[in-house]
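Nothing in this text is a laboratory measurement; each read-out follows from the coordinates by a stated rule. Bear in mind the structure is a predicted one, so any value in this text is a computation, not a measurement. Heads up, the Cβs are rebuilt from the backbone with ideal geometry, glycines too, and the neighbour counts pull from every protein chain shown.
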Amino acid sequence: MLNRINIGQALNKLNSQENRALSGIGLAILAGFLFVSSDTIVKLVREELPVAMVVWGRFIMHLLIMFILFPGKKIIPLLKVNNPKMIIGRGLLLLTCTCLFFTAIGYIGLAEANSIMFVSPFFVVALSIPLLGEKVGLRRWTAVLVGFLGIIIVLRPGFQDIHWAYFLIVGCAFFFALFTIITRTLSFTETATSMWFYTALVGTIGSSSVVWLYWVTPSPMQWLMLLIIGAIGGGSHYIVIKAYNRAAASLLAPFQYIQILWATIYGLLVFNNFPDSWTLLGTAIIITSGLYVWIRERQLGTVRRSASWRGGAAR
């Protein structure tokens with residue numbers, strides 16, 4: 001009888017873990033869809049408003065959401081952090097990424113921009129050596145080089161004029177890699193909610209310092225679009241936090257690439273823009289090499305956990 005109870009409890013626990021993992025995957029896919037939806041609205045409103053206005057709208061609306069979710073004194077605990085300099089630096093990095101990305105998609109397609117952004121994991125691999133002291137083997141370096149080959153295919157230097165906006169996306173991917181590494185580091189000392197709040201606070205202060213130079217009074221429809229951009233931008237980050245609370249990062253990583261599908265669909269339906277065959281080929285190479293890096297990271301993580309367990313058993 002006791003064995004049946006134990007088996008039943010184990011099955012219930014397994015089902016609960018599977019349900020949490022599935023909900024995490026669903027939230028990650030939803031977040032990707034919302035990010036690209038926001039990008040689409042940004043690309044539309046960029047035709048009418050300066051990029052500084054759009055960036056400011058994105059962050060100030062995000063901050064307003066934070067004050068709604070944490071009214072009055074409830075916001076005070078979010079201000080208390082252990083590494084304020086790194087928290088502020090992280091916020092400035094996201095502000096920089098937002099400025100670069102919002103500027104670029106005013107000139108190039110959503111699918112191309114999202115494809116190039118996915119070189120960010122390769123920058124993370126390269127930067128993890130000097131910044132985190134990690135060792136990167138030949139196979140992961142090969143995957144990184146193959147990923148950059150995919151970027152070259154997308155850009156095709158010498159075969160077409162390369163718009164300067166593509167380089168903004170590459171720069172955005174680099175700074176987002178730094179943002180990711182700092183997030184990894186801060187995750188050991190700070191709460192996800194505090195980091196979420198400080199991205200809004202730093203972004204609002206930073207964008208407000210320059211927006212007055214480019215100020216154009218938005219129309220009611222433009223105010224609504226800015227509100228939607230901020231709500232989606234802030235809400236999507238919260239959904240990502242919830243996704244990672246339910247499922248491991250190693251499980252969710254491959255589902256990020258679905259963003260390219262959303263971007264392609266939006267580009268076709270809203271802007272009548274579909275990537276050419278070379279862009280699709282380069283994107284496929286980037287995704288393949290990125291998935292290999294992810295698989296290799298999972299393998300190494302398993303080895304590290306196994307070695308740690310054996311070491312603990314030996315002691």
field: Values of log10 I(q)/I(0), in the order q = 0.09, 0.10 Å⁻¹, for the stretch 24-310 under a Debye, Cα-only, solvent-free model
entry: -0.44, -0.54
query: Can you work out ³J(HN,Hα) from phi for every residue in the stretch 178-192, in order, using Karplus 6.51 cos²θ - 1.76 cosθ + 1.60 and θ = phi - 60°, giving whole Hz and x for Gly and Pro?
result: 4, 4, 5, 5, 5, 4, 4, 5, 6, 4, 7, 10, 10, 7, 4
- prompt: Short version: ³J(HN,Hα) in whole Hz for each residue of the stretch 110-122, in order, from phi by Karplus 6.51 cos²θ - 1.76 cosθ + 1.60 (θ = phi - 60°), x for Gly and Pro, what are they?
  reply: 5, 5, 4, 4, 5, 4, 5, 4, 7, 7, 4, x, 6
field: Estimated vicinal HN-Hα couplings, Hz - the stretch 51-60 in sequence order (Karplus 6.51, -1.76, 1.60; Gly, Pro = x)
entry: 4, 4, 5, 5, 4, 4, x, 4, 7, 5
message: Sort 97-105, 187-195 by packing, meaning the average of other beta carbons within 10 Å per residue, with the highest value first.
response: 97-105, 187-195
